[in-house]
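The values are calculated or read from the model by the stated rules, or taken from the named source; none is laboratory data. Since the structure is predicted, the reported quantities are computational estimates derived from the model, not experimental observations. We place every Cβ from the backbone using ideal geometry, glycine too, and count neighbours over all the protein chains shown.
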Amino acid sequence: MNDKDLQQIERYLAGELKDRELQNFEARLNTDQEFYDSVLAQQHINNALNDKGLWSFMKILKKVEANFYTKKNQQQPTYSLQQLLQFFGIVPDYEREIANQFTTRAITKSSSHQPKLLTPQNGIDCSNKLTFTLQTKAVEPLTLVIENSQEDEVGQYHFSAQTASLEVDIQHFLPGRYYWKLFGDTVDTIWGFFFIHKDLMPEKI
Amino acid sequence: MKYTNEEVIEGFRKENQRIIQYCYEVMQPMVAKLILTNSGKEEDVKEVLAYCISTFYNNCRKSDFALTAKFSTYICAIARNKWLKELEKRGKYIIVEQLTENIPNGIDNEIETAEINSIVQELFRKLPEDCQKIIQCKHEEGKSHQEIAQLLDISSKQYARTKLNRCKGHLAKLILESPHYKDLLDAFPFLKKIRLPKSSSQKINK
């Protein structure tokens, strides 16, 4: 469409064409499909653009959209690759402990009190809560310590005697790899690990 | 759901930001799941959701509009249709299974007639910044060509008019290229009629 056509279409849709000019325009509409389609599209455009309600709604929608994504971004901070490599790093000593308990099971304390853990499964990816479940009730108070991959303690929790389950709130934990150890006075330490947001773990780990 | 269908429709009619925000927050994860698991990106989620919500708004404004399903199901149906058309346009033929199970029959027909305005608004957002500005000055703010020329530092009111027409011509080109627009016209032939100005001598209907 050239400028003259575009202007004529606007004038036609505004009811400004008269006499010969109008007749010529309508004759072209009847014979030129491409021209007809353009006029039709222009009419749809004018209908939408002249809709004041839609403009004001779109403004509100833009605000709502901005609010939503601001909130979402605040909830989900971004991390650099270096930070993620640190968060998901492996602690070789702890990995060894975990591997050993499945192979040699060198029990040094009272084996009759040694608790067996049903959950969590090692390597689980979690986000809100982590439930520790014993096969049978603990015969003595147990301590659960959770450390991040920099070996910083991020939480300490207690299993009371005669309980078999402990729920740990991990909502506030940063993404990363976490190790836990469960121990008591007369039982050997049980080791394990879990992830928060494993989807963020860099491939090179 | 925190609000009933009626409360949501009424909220949209009154452009109540709290209700619109609520609706956006409810729908975003659903639409994101549909799109992100079917070749889409976060940007697509934003675009499709804006399109769905504005289509829903256009329908809510109709006095006889009533929902036959939950509003979220209705908006999901709009999202599914929109995304399928977008995938088709991108040459990707993927069966979008998610979110389709609970959509009652017939809901699609209710939706589509309200979509032309949403298509225009969606494509308007794809115009260059200067085009968006000039169209907004004219159609949203109701400024004259003279005022537009002064405001946007355009040499004359005649040139402001030419530039405005060119921008709208650009928008028309985008619309004519939209497969979604073509589908709508085919599905609803009454949309193919040019509504004539009162002074015109004959009816134009192809």
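Key figures for this structure:
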{"read-out": "Scope segment B:1-48; condition within 11 Å of another protein chain (Cβ to nearest Cβ) and in contact with a Leu (Cβ under 9 Å, 6 or more places away or on another chain); matching residues", "value": "B:Ile20, B:Tyr24, B:Met27, B:Gln28, B:Ala32, B:Glu42, B:Val45"}
{"read-out": "Residue count, segment A:168-205 (criterion: surrounded by 12 or more Cβ atoms within 10 Å (Cβ to Cβ) and over 20 Å from A:Ser80 (Cα atoms))", "value": "17"}
{"read-out": "Output for segment B:182-191, where each listed residue is in contact (Cβ under 8 Å) with a residue 12 or more places away in the chain and surrounded by 15 or more Cβ atoms within 10 Å (Cβ to Cβ)", "value": "B:Asp183, B:Leu184, B:Leu191"}
{"read-out": "Close pairs from segment A:38-64: first more than 7 Å from chain B (Cβ to nearest Cβ), partner of a type in the set (A, V, I, L, M, F, W, C) and surrounded by fewer than 17 Cβ atoms within 10 Å (Cβ to Cβ), Cβ under 9 Å, at least 6 apart", "value": "A:Asn46/A:Ala14"}
{"read-out": "For A:Ser160: the one exception among (1) free of Cβ contacts under 8 Å to residues at least 24 places away in the same chain; (2) closer than 29 Å to A:Pro77 by Cα", "value": "(2)"}
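A quick yes/no check of all residues on (1) among the basic types (Lys, Arg); (2) at pLDDT 85 or above:
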position: B:Leu151; (1), (2): no, yes
position: B:Gln158; (1), (2): no, yes
position: B:Ala172; (1), (2): no, yes
position: B:Glu177; (1), (2): no, yes
position: B:Pro197; (1), (2): no, no
position: B:Ser200; (1), (2): no, no
position: B:Lys203; (1), (2): yes, no
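Residue-by-condition table, conditions (1) at pLDDT 85 or above; (2) assigned by TED's automatic domain parsing to the domain that holds B:Ala32; (3) of a type in the set (D, E, K, R):
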{"position": "B:Ile95", "(1), (2), (3)": "no, yes, no"}
{"position": "B:Lys138", "(1), (2), (3)": "yes, no, yes"}
{"position": "B:Ser155", "(1), (2), (3)": "yes, no, no"}
{"position": "B:Phe188", "(1), (2), (3)": "no, no, no"}
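Every residue, every condition in (1) at pLDDT 90 or above; (2) closer than 11 Å to A:Phe193 by Cα; (3) crowded, with 16+ Cβ neighbours inside 10 Å, yes or no:
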residue	(1), (2), (3)
A:Asp93	yes, no, no
A:Phe102	no, no, no
A:Gly123	yes, yes, no
A:Ser160	no, no, no
A:Leu166	yes, no, yes
